[in-house]
Amino acid sequence: MAAVPASSSSSAALPTSPASGAENFRRSRILSSKLYFDVPRSKVPVIYSSSYNITFLGIEKLHPFDSSKWGRVCEFLIKAGVLRKTQIVEPLEATKDDLLVVHSESYLKSLKSSLKVSIIVEVPPVAIFPNWLVQQKVLHPFRKQVGGSILSAKLALERRWAINVGGGFHHCSAAEGGGFCVYADITLCIQFAFVRLNISRAMIIDLDAHQGNGHEKDFANDDRVYILDMYNAGIYPLDYEARRYIDQKVELVSGTNTEAYLEQLDKALEVAKINFDPELIVYNAGTDILEGDPLGRLKISPEGVAMRDEKVFRFAKERNIPLIMLTSGGYMKSSARVIADSIINLKQKNLIDLTTSPSTN
């Protein structure tokens, strides 16, 4: 299990402790990071970059994940007239120092092996390419999305919500990547928020079809973070150690339909409301719950996904808790349309506001 950086000043009072020394280095990296920057009111808290999309000589198609999903979500929103390209926030790429807030030097060094990256992203031919090309075509897009996830917390506290049209790499822990997840953006996002936004309690609502074993290991013994994870218990990653660290787990079976799913979600949110009072919610909104998804194996309709997202946003808004949405998994071409339609529904229900004011910058 990864050590969790402390956000209080108490660690700084113990300079003789090796552990506190490491915490101070991490805190210093967070405070010196450029990933947080001021966003003018002429933009909405929707974060995206064309750099998110992965195109690598066509071999990205060997993985079922739609690696151009993120761009197509924005295209649908723009075509629907609910979002203008000039309103979108472009994040910065996470640097090595940013990633070292959570990851070790040895883990980041291991990514200089194309074979290692190929195993994490589950595309074997990546192993044969020179690493400089892998860095450019595969890892740069992931690092850009990490920057978006981290920035989303700042925007959420300022605007009450934020959507990173990407991120949600919940299988990656501080120590190890896997399942198409190279960097632990959820862990990084929360650790940055503890230090830079001065919050002390965060909730992860993980509704991707797969168990979020990465963040569960990272926050195993951290009572500042409450994890609600609702997932298909019979599919990857089958991480029984990480399941011990879930505060509230809802285990589904393959074939769970929309009605049963939404009923389980209602009950779960009621329990979460009683058990924890967060200052920030990180919502991992995977669309691999859709019926027909080859990896999620659930049977949720597109309308069910929109209702799911609406329930989570309403849960946050009624309690006045800032919320971050990450798009996470989704392995069908229809996922992009479903995400866009859900965002449109959130706007229509007045759960998000996509209007802007002229920039004063």
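The values are calculated or read from the model by the stated rules, or taken from the named source; none is laboratory data. No experiment lies behind these values; they were computed from the predicted model shown. Note that we place each Cβ from the backbone using ideal geometry, even for glycine, and neighbour counts take in every protein chain shown.
The sole residue among VAL250, VAL338 that is touching a residue at least 24 places away in the same chain (Cβ under 8 Å), within 16 Å of ASP208 (Cα to Cα) and aliphatic (A, V, I, L, M) is VAL338. For GLU216, the test of being surrounded by fewer than 21 Cβ atoms within 10 Å (Cβ to Cβ) and either on the phi < 0 side of the Ramachandran plot or among the aliphatic types (A, V, I, L, M) (or both) is failed.
Out of curiosity, is LYS333 of a type in the set (D, E, K, R) and modelled with pLDDT of 95 or more? Against the criterion (of a type in the set (D, E, K, R) and modelled with pLDDT of 95 or more), LYS333 does not qualify. In the stretch 320-343, the residue that is surrounded by the most Cβ atoms within 10 Å (Cβ to Cβ) out of those that are in contact with an Asp or Glu (Cβ under 8 Å, 6 or more places away or on another chain) and part of a loop (DSSP other than H, G, I, E, B) is GLY330. Got at least one residue in the stretch 254-263 being under 16 Å from ASP206 (Cα atoms), over 17 Å from the mean Cα position of the chain (by Cα) and part of a loop (DSSP other than H, G, I, E, B)? No, every residue in the stretch 254-263 fails to be under 16 Å from ASP206 (Cα atoms), over 17 Å from the mean Cα position of the chain (by Cα) and part of a loop (DSSP other than H, G, I, E, B).
Regarding the stretch 63-80, can at least one residue be identified that is farther than 30 Å from THR355 by Cα, among the hydrophobic types (A, V, I, L, M, F, W, C) and without any contact (Cβ under 8 Å) to a residue 24 or more places away in the chain? No, the stretch 63-80 has no match at all.
Those residues that are more than 23 Å from HIS171 (Cα to Cα) and of a type in the set (D, E, K, R), I need them from the stretch 261-289; list them, please. Correct list: GLU263, ASP266, LYS267, GLU270, LYS273, ASP277, GLU279. Note on the stretch 273-311: residues that are hydrophobic (A, V, I, L, M, F, W, C), surrounded by 20 or more Cβ atoms within 10 Å (Cβ to Cβ) and more than 19 Å from the chain's Cα centre (by Cα) total 2. Taking the stretch 182-213 as the range and being surrounded by fewer than 24 Cβ atoms within 10 Å (Cβ to Cβ), assigned to a helix (DSSP H, G or I) and of a type in the set (D, E, K, R) as the test, only ARG196 passes. Among the residues of the stretch 161-169, is any over 19 Å from SER49 (Cβ atoms) and either in a helix (DSSP H, G or I) or modelled with pLDDT of 95 or more (or both)? Yes, that holds for at least one residue.
Residues in the stretch 230-246 that are outside any helix (DSSP H, G or I), touching a helix residue (DSSP H, G or I) at 6+ places or on another chain (Cβ under 7 Å) and more than 19 Å from LYS299 (Cβ to Cβ): PRO237, ASP239, TYR245, ILE246.
Scanning the stretch 138-176 for residues that are over 30 Å from PHE313 (Cβ atoms) and either out of contact with any Leu (no Cβ under 8 Å at 6 or more places or on another chain) or surrounded by fewer than 17 Cβ atoms within 10 Å (Cβ to Cβ) (or both) yields VAL138, HIS140, ALA175, GLU176.
The set of residues from the stretch 16-43 being among the aliphatic types (A, V, I, L, M) and modelled with pLDDT of 95 or more comprises ILE30, LEU31, LEU35, VAL39. Can you confirm whether the stretch 4-15 contains a residue that is assigned to a loop (DSSP other than H, G, I, E, B), within 22 Å of HIS171 (Cα to Cα) and at pLDDT below 90? So far as the stretch 4-15 goes, yes, one or more of its residues are assigned to a loop (DSSP other than H, G, I, E, B), within 22 Å of HIS171 (Cα to Cα) and at pLDDT below 90.
Scanning the stretch 344-359 for residues that are of a type outside the set (S, T, N, Q) and not in a loop (DSSP other than H, G, I, E, B), which turns out farthest from ALA209 (Cα to Cα)?
LYS347
Can you find even one residue in the stretch 266-283 that is assigned to a loop (DSSP other than H, G, I, E, B), on the phi < 0 side of the Ramachandran plot and in contact with a helix residue (DSSP H, G or I) (Cβ under 7 Å, 6 or more places away or on another chain)? No.
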